[in-house]
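Some notes on the structure that comes next.
The values are calculated or read from the model by the stated rules, or taken from the named source; none is laboratory data. Values in this document were obtained by computation on a predicted structure and should not be read as measured data. Here Cβ is always computed from backbone atoms with ideal geometry, including for glycine, and neighbour counts include all displayed protein chains. SASA here: full protein model, heavy atoms, side chains in, ligands and nucleic acids out. Shrake-Rupley method; radii C 1.70, N 1.55, O 1.52, S 1.80 Å.
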Amino acid sequence: MSIFPPSKIHNLKVLQHYKDSSCIIMGSLCGILELQAINGLVFFIGSSILSSFLYYMYINHFTTTEKGRANISEYFEHPVREVLLGNIGRQIATFTMMWCLLGALISH
């Protein structure tokens with residue numbers, strides 16, 4: 001099944017906004033908790049998996065269409081790759097930026 005290109009672009013933008021927002025929140029939380037080194041990395045991995053899972057569950061269980069419940073494959077061609085791993089470099093950068101910023105503000 002092929003997804004209409006403008007719809008695919010819109011869906012990816014919505015997903016990116018969600019991922020950016022969750023990385024900002026989780027990076028801020030990591031900085032406020034003053035997590036360092038491996039603890040911060042584990043926090044990032046756990047929060048990234050959790051936010052991807054919640055987004056996946058939201059689409060599959062709480063979104064409805066004319067046919068009934070929606071399926072994530074109606075929105076993304078490769079759901080696991082796009083939802084879990086899509087733009088991982090941008091997510092790491094956003095998380096790290098907020099982690100360092102809030103960590104520095106809290107510690108001084």
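Any residue that is without any contact (Cβ under 8 Å) to a residue 60 or more places away in the chain, within 18 Å of Asn11 (Cβ to Cβ) and either open to solvent by less than 50 Å² (accessible area, probe 1.4 Å) or hydroxyl-bearing (Ser, Thr, Tyr) (or both) - is there at least one of those in region 91-106? No, the conditions are met nowhere in region 91-106. Check His61 against each of (1) under 13 Å from the mean Cα position of the chain (by Cα); (2) open to solvent by 50 Å² or more (accessible area, probe 1.4 Å); (3) without any contact (Cβ under 8 Å) to a residue 12 or more places away in the chain and name the one condition it does not meet. Condition not satisfied by His61: (1).
Val83 passes every criterion in (1) within 13 Å of the chain's Cα centre (by Cα); (2) hydrophobic (A, V, I, L, M, F, W, C); (3) open to solvent by less than 70 Å² (accessible area, probe 1.4 Å); (4) closer than 23 Å to Ile106 by Cβ apart from (4).
Where helices (runs of 4 or more DSSP H) sit wholly within the chain, those with at least 2 residues that are aromatic (Phe, Trp, Tyr) occupy 38-57, 88-107. Is it fair to say Ala70 is at negative phi, surrounded by fewer than 15 Cβ atoms within 10 Å (Cβ to Cβ) and in contact with a helix residue (DSSP H, G or I) (Cβ under 9 Å, 6 or more places away or on another chain)? Against the criterion (at negative phi, surrounded by fewer than 15 Cβ atoms within 10 Å (Cβ to Cβ) and in contact with a helix residue (DSSP H, G or I) (Cβ under 9 Å, 6 or more places away or on another chain)), Ala70 does not qualify. Taking the listed residues Leu41, Leu84, the one that is without any contact (Cβ under 8 Å) to a residue 12 or more places away in the chain and hydrophobic (A, V, I, L, M, F, W, C) is Leu41, with no other qualifying.
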